[in-house]
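Okay, so here's the structure we're looking at.
The values are calculated or read from the model by the stated rules, or taken from the named source; none is laboratory data. Note that the coordinates shown come from a computational prediction; the quantities given were computed from them, not determined experimentally. All Cβ positions, glycine included, derive from the backbone under ideal geometry; neighbour counts span all protein chains shown.
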Amino acid sequence: MADSELVVPSGWEPAKGAAASISKQFKFDRYGITREFLDRVAELSDADGYHPNISFGTTYVNITIHAREGEELGEADRQFALEVDRLAGEVG
């Protein structure tokens with residue numbers, strides 16, 4: 001790994017077919033928890049000014065974060081992923 005490469009948070013993987021993006025699936029026991037997580041991610045997105053791609057079902061949420069600047073993921077993208085992970089740990 002080159003020194004300039006960003007260390008991606010655990011569990012986040014490069015998105016298939018998309019350059020400069022990472023994705024992760026979050027699983028929950030029931031829809032109410034899924035909804036709470038989605039609401040918190042929406043609040044984070046509004047506060048941060050960045051809105052990731054999100055798809056979801058009754059008990060899962062897929063989130064993809066694309067590079068905000070240029071063709072490489074940056075520290076802001078990494079921090080956003082870490083905040084999403086924190087939110088996932090708080091719901092339920």
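Here's the yes/no breakdown for (1) in a loop (DSSP other than H, G, I, E, B); (2) touching a Pro at 6+ places or on another chain (Cβ under 8 Å):
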site: Ile22; (1), (2): no, yes
site: Gln25; (1), (2): no, no
site: Asp29; (1), (2): yes, no
site: Arg35; (1), (2): no, no
site: Glu43; (1), (2): no, no
site: Asp46; (1), (2): no, no
site: Val61; (1), (2): no, no
site: Leu73; (1), (2): yes, no
site: Ala81; (1), (2): no, yes
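Residues checked against (1) touching a Gly at 6+ places or on another chain (Cβ under 6 Å); (2) exposed (fewer than 13 other Cβ atoms within 10 Å of the Cβ); (3) of a type in the set (Phe, Trp, Tyr); (4) at pLDDT 95 or above:
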residue	(1), (2), (3), (4)
Leu6	no, no, no, no
Ala15	no, no, no, no
Phe28	no, no, yes, yes
Arg40	no, no, no, yes
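Six or more apart or on different chains, Cβ under 8 Å: which pairs go from a residue in segment 22-48 that's farther than 22 Å from His66 by Cβ to one that's part of a helix (DSSP H, G or I) and of a type outside the set (Lys, Arg)? Could you list them?
Listed by first residue and then by second, the contacts come to Phe28/Thr34; Phe28/Phe37.
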